[in-house]
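Take a look at the structure below.
Derivation of every value follows stated rules applied to the coordinates shown; laboratory data play no part. None of the values given here were measured: they were computed from a predicted structure.
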Ligand SMILES: Nc1ncnc2c1ncn2[C@@H]1O[C@H](COP(=O)(O)OP(=O)(O)O)[C@@H](O)[C@H]1O
Ligand SMILES: [Mg+2]
């Protein structure tokens with residue numbers, strides 16, 4: 001554990017802490033490679049605690065790679081390399097004395113395609129992450145945690161009578177909210193979401209967007225989205241990524257979301273947010 005770390009964030013879990021403590025995330029000059037192919041060039045970005053930061057930009061500009069670097073999933077890919085720093089509340093996520101599982105617990109992730117364990121019950125899906133992070137919880141605490149996380153994910157009222165049914169029996173939108181509940185159960189400080197609504201219908205999408213706004217007071221959110229209206233609706237800050245042939249991805253412009261959409265400074269941002277390319 002690094003000495004500069006915020007002590008409020010290092011309280012060991014036995015669950016159930018009353019609420020999450022959102023963490024501030026900062027990327028400093030992050031570069032990334034797949035083999036010889038450099039896909040990100042010196043990306044620096046501040047993702048303030050308790051806010052939603054959206055990452056926008058055309059396909060292939062490195063948004064997912066950037067997200068995977070933030071919670072140390074990039075290093076699992078054979079041939080993948082990176083440079084730069086990622087700080088959570090000022091402490092290096094990649095510090096040699098920091099356990100990988102600790103970084104992953106503090107920085108959770110929700111993917112494009114909902115990925116609950118389909119044969120596992122709704123209840124067990126929510127608690128699935130606890131074992132992996134070595135948290136032991138009593139039965140009554142577990143019941144409370146399941147209800148709390150499903151409530152926060154905006155799913156409790158729909159599944160309270162079907163907690164023993166398989167997760168795979170839920171609709172796509174419900175499965176995605178189940179995945180959010182599963183992420184929340186380990187009390188992350190940051191939640192990364194990679195196009196979490198792109199496989200969902202408009203009603204489910206709105207439901208997830210509401211959930212995002214409700215969650216942000218206790219977990220910092222970084223969301224990749226191709227939907228400009230969504231970025232405008234849910235995010236406080238927005239970063240526009242771009243790559244071009246032979247040039248690795250980088251951030252063209254970032255700032256408060258209303259400014260990014262209302263008065264973009266770079267003509268490429270203006271073209272992108274107005275739907276003229278990408
Ligand atoms: N596992 C991988 N192996 C090799 N190249 C990859 C891999 N994943 C992504 N890339 C390449 O990295 C670049 C950025 O991809 P990605 O981060 O997925 O972009 P985005 O999420 O913005 O669409 C692309 O050129 C893509 O082809
Ligand atoms: Mg992607």
### Query
What angle do you read, to the nearest 10 degrees and between 0 and 90, between the alpha-carbon axis of helix 139-152 and the longest principal axis of the chain?
40 degrees
## Note on the structure
Across all Cα atoms of region 117-187, Rg and the largest Cα-Cα distance (Dmax), in Å, are 10.8, 31
### Message
If the elastic network links every pair of Cα atoms under 10 Å, which of 89, 124, 201 fluctuates the most in the Gaussian network model of the chain?
### Response
201
### Beta bridges per DSSP with both ends in the chain, % antiparallel, nearest 5
60 percent
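Let me check against my output: what whole-number percent is the relative contact order of region 117-187, with C-alpha pairs under 8 Å and at least 6 apart?
54 percent
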#### Entry: Computed over region 68-225, Cα set: Rg, Dmax in Å
15.7, 48
## Note on the structure
Largest fluctuation, 138, 31, 44 only, Gaussian network model of the chain with Cα springs under 10 angstrom, belongs to 138
### Query
Taking 1 over the mean of 1/r across every pair of different Cα atoms in the chain, what Kirkwood radius in Å do you get?
19.2 Å
### Three-way shape call for region 167-234 based on the alpha-carbon gyration tensor, with the a/c threshold at 1.5
oblate
### Query
Using the reciprocal of the averaged 1/r over all distinct C-alpha pairs, how large is the Kirkwood radius of region 32-100 in Å?
13.2 Å
### Query
Using Cα atoms only, what is the angle between the long axis of helix 122-132 and the major principal axis of the chain, expressed in degrees (0 to 90) to the nearest 10?
70 degrees
### Query
When all C-alpha to C-alpha distances in region 136-250 are sorted into bins of 10 Å, what percent of pairs does each bin hold, rounded to whole numbers?
12, 41, 30, 12, 4, 1
### Query
Looking only at Cα atoms, what is the convex hull volume of region 9-146 per residue, in Å³?
139 Å³
#### Entry: Rounded to 10°, Cα long-axis angle of helix 202-215 versus longest principal axis of the chain
80 degrees
